[in-house]
Structure formats: C-alpha cells, structure tokens
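Trainee: Supplied in structure tokens, the structure appears directly below.
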Amino acid sequence: MTAENIGAKCTLAELKKQFEQNNVVLGIGMGVDKSGEAPHTNPQIIYHGAAEFPPFLMQCLGVDASVITPGNAAEVLESFERKMNEPTTAGIKIYTGYQPFYATDEIYRPFYRLAQKYEVPVVFHMGDTANSMGRLKYSHPLIVDEVAVDFPQVKFVIAHCGTPWIVDAVEVAAKNKNVYIDLSGLMEGRFEAKAQIEHFKPYLDVFRTWFNYLGNYKKLMYGSDWPLVDLQAYIEVIKSIVPEKAYEDVFYNNALRVFDRIPAYLCNLDR
C-alpha cells in the first residue's frame with residue numbers, strides 16, 4: 001500500500017530501477033522481518049525471498065525487543081553476533097516508539113556493547129510513528145543524549161531528524177560528537193518537488209534554521225524511507241534544506257563515515 005501511494009511497486013526490481021535513475025550506488029535497509037534459524041531468536045533482517053542478498057543493499061539488523069526474555073536473551077545476542085560477521089551488515093536498528101522501551105532500557109545495552117565491539121552504528125527510530133499504535137514518549141530524541149554519553153565510542157543515528165522534535169534532535173547531535181542525523185521520512189506520498197517545497201516552506205524553514213544552528217553538515221545524512229516517497233522528488237526536497245556546498249557530504253560522504261563498512265562493501269562489488 002505504501003508503494004502504491006507513490007505509484008510504484010514494492011519490489012527489488014523497482015528499487016533497483018529507482019537507484020539507477022537517481023545515481024544511488026547503495027542503500028541501507030532497516031530490518032523489519034523476523035527471519036532466521038529459529039523464531040524470535042534471529043535478528044530482524046531484510047528478506048526478499050532471493051537466494052542472495054541484493055548487491056545494491058546493505059542492512060541494519062532490527063532489534064525486536066518485544067520478544068527478548070531472560071530465557072532467550074543470550075541466544076538472541078549470539079544470533080546478532082553471527083550476523084555481524086556478514087558483509088551486508090552495516091549496523092543495528094532500534095525501534096523506539098514502535099516498541100515500549102526507552103533507548104536507555106537495559107534490554108538494549110548488550111546491543112550497544114555489540115555495536116562497540118564490531119564498530120558499527122546504532123540507528124534509532126525517533127519522532128512520529130507511522131501508525132497510532134506507537135507510543136511517542138519512547139521516541140523523543142532527547143533520550144539519545146543519555147546513551148551517547150554512556151557509550152561514547154558508539155556512533156548513534158537519530159532517524160527522521162526526530163520530527164517533529166527537530167530542535168531537540170539537532171541539539172543532541174550538536175552536543176555529542178558521536179551522534180548523527182538521518183533525513184529520511186520527513187515527507188511521504190507522491191508529489192511534485194517544486195510545488196511541495198513551496199507549499200511546505202514554513203515546515204522546511206525549521207530544518208534550514210536549525211541546521212544553520214548546528215553549523216556542521218557532516219552530521220547529516222540523506223535517507224528516503226522508500227517506498228514512502230519517490231526518490232527523485234525527495235532528493236530535491238533534501239537539496240532545498242541544505243546548502244549546495246554540503247551536497248557531497250549529505251548525499252554521500254557522511255554515510256561512508258558513519259556506516260564505515262560501506263567502502264569495503266562497494267570495493268568488493270567492483271571486483
């Protein structure tokens with residue numbers, strides 16, 4: 001249904017076509033499926049029924065905290081550790097807001113230690129949820145400040161710029177050298193970029209203002225949340241809220257710095 005809203009099909013072929021049309025060399029998918037050796041013990045991974053993982057994608061392993069118990073916690077963590085050694089693994093995704101646990105909850109701390117061990121970033125869903133069953137008190141970006149202080153060697157990413165708590169997300173990134181922001185999911189649906197940018201000028205001005213306050217465009221990364229939006233139109237939206245001099249960083253370089261397994265992965269693809 002989400003893909004239909006932008007006149008597309010939610011298929012690998014469609015995604016690959018959009019990547020090629022928009023000069024996207026690689027995407028990072030966020031784990032959403034419970035897949036693996038045993039129910040509720042393997043990390044949520046991206047699974048498309050293909051024999052091999054799509055070469056134009058990497059993945060963040062999604063933590064489904066709702067199925068972790070004292071009895072299976074060790075097994076779950078072992079399963080994540082096995083996936084850490086796979087080349088497609090780029091990081092870990094925490095679904096705060098969709099699951100009733102704060103980012104500071106003890107249930108997540110072993111995953112932060114795992115991220116530190118393998119030097120991969122942790123991405124948090126932050127801000128508004130896609131459905132009314134989410135609980136917003138768990139997805140306020142200010143909470144990321146605490147885990148960033150507790151785990152200074154781990155890189156943390158606030159997804160969606162914590163929208164609508166943009167100011168708080170920016171301040172957390174400004175204060176903590178190990179916190180970054182992704183710009184996915186700021187809009188959704190099918191739209192013509194120029195008209196959308198004009199219509200939503202007051203909303204987009206908030207980003208422009210606080211990114212200027214941040215003063216460091218190496219902290220920001222493009223993301224789409226596809227198939228939430230058409231890639232071409234959304235790229236234009238993001239270009240409208242960052243200065244042209246920052247395009248190379250926001251659309252490419254910063255992702256390589258934060259998800260620093262990407263360069264090796266791309267090199268292996270070229271061989």
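The values are calculated or read from the model by the stated rules, or taken from the named source; none is laboratory data. What you see is a predicted model, and the numbers here were worked out from it, not measured in a lab. Glycine gets a Cβ as well: all are built from the backbone with ideal geometry, and neighbour counts include every protein chain shown.
Trainee: If the requirement is being of a type in the set (G, A, S) and surrounded by fewer than 22 Cβ atoms within 10 Å (Cβ to Cβ), which of these qualifies: A174, A159, A103, A90?
Mentor: After applying the criteria, what remains is A174.
Trainee: When the residues of the range 77-88 are narrowed to those that are part of a helix (DSSP H, G or I) and out of contact with any helix residue (DSSP H, G or I) (no Cβ under 8 Å at 6 or more places or on another chain), which ends up farthest from K117 (Cα to Cα)?
Mentor: The selected residue is S79.
Trainee: For I241, are the conditions met, namely being assigned to a strand (DSSP E or B) and either modelled with pLDDT of 95 or more or within 24 Å of V120 (Cβ to Cβ) (or both)?
Mentor: Against the criterion (assigned to a strand (DSSP E or B) and either modelled with pLDDT of 95 or more or within 24 Å of V120 (Cβ to Cβ) (or both)), I241 does not qualify.
Trainee: What tally of residues in the range 205-221 results from selecting those that are buried (at least 19 other Cβ atoms within 10 Å of the Cβ) and not in a helix (DSSP H, G or I)?
Mentor: Of the residues in that region, 2 qualify.
Trainee: Of the residues that sit in the range 12-43 and are at pLDDT 65 or above and in contact with a Lys or Arg (Cβ under 9 Å, 6 or more places away or on another chain), which one is surrounded by the fewest Cβ atoms within 10 Å (Cβ to Cβ)?
Mentor: M30
Trainee: Residue under question is V250, and the condition is that it be in contact with a strand residue (DSSP E or B) (Cβ under 8 Å, 6 or more places away or on another chain), outside any helix (DSSP H, G or I) and at pLDDT 95 or above; does it hold?
Mentor: So V250 does not fit the description; no.
Trainee: Right, another one. Collect the residues in the range 106-150 that are of a type in the set (S, T, Y), surrounded by fewer than 19 Cβ atoms within 10 Å (Cβ to Cβ) and closer than 26 Å to E188 by Cα, keeping them in residue-number order.
Mentor: Scanning the range 106-150 gives T129, S132.
Trainee: Sticking with this one: Out of E119, E106, report the one residue that is at positive phi, modelled with pLDDT of 90 or more and among the charged types (D, E, K, R).
Mentor: After applying the criteria, what remains is E119.
Trainee: Looking only at the range 177-194, decide whether some residue is under 19 Å from E119 (Cα atoms), in a loop (DSSP other than H, G, I, E, B) and under 20 Å from the mean Cα position of the chain (by Cα).
Mentor: yes
Trainee: Then there is this: Taking I68 and the conditions (1) modelled with pLDDT of 90 or more; (2) surrounded by 19 or more Cβ atoms within 10 Å (Cβ to Cβ), which numbered condition does it fall short on, given that it satisfies the others?
Mentor: (1)
Trainee: If we keep just the residues of the range 118-142 that are in contact with a helix residue (DSSP H, G or I) (Cβ under 9 Å, 6 or more places away or on another chain) and part of a helix (DSSP H, G or I), which is farthest from L220 (Cα to Cα)?
Mentor: Selected residue: Y118.
Trainee: What number goes with the only condition from (1) more than 24 Å from N131 (Cα to Cα); (2) in contact with a strand residue (DSSP E or B) (Cβ under 8 Å, 6 or more places away or on another chain) that E236 does not pass?
Mentor: With respect to (1) more than 24 Å from N131 (Cα to Cα); (2) in contact with a strand residue (DSSP E or B) (Cβ under 8 Å, 6 or more places away or on another chain), E236 is out only on (2).
Trainee: Can I ask one more? Collect the residues in the range 143-164 that are among the β-branched types (V, I, T) and outside any loop (DSSP other than H, G, I, E, B), keeping them in residue-number order.
Mentor: Selection gives I143, V144, V147, V149, V157, I158.
Trainee: How many of the residues in the range 91-109 are farther than 18 Å from P121 by Cα and of a type in the set (V, I, T)?
Mentor: Residues that pass the stated criteria total 0.
Trainee: On to the next question. Kindly establish whether V250 is buried (at least 21 other Cβ atoms within 10 Å of the Cβ) and either in contact with a Gly (Cβ under 7 Å, 6 or more places away or on another chain) or within 19 Å of Q21 (Cβ to Cβ) (or both).
Mentor: no
Trainee: Right, F151: aromatic (F, W, Y), farther than 24 Å from L231 by Cα and modelled with pLDDT of 95 or more or not?
Mentor: Spelling it out, F151 is indeed aromatic (F, W, Y), farther than 24 Å from L231 by Cα and modelled with pLDDT of 95 or more.
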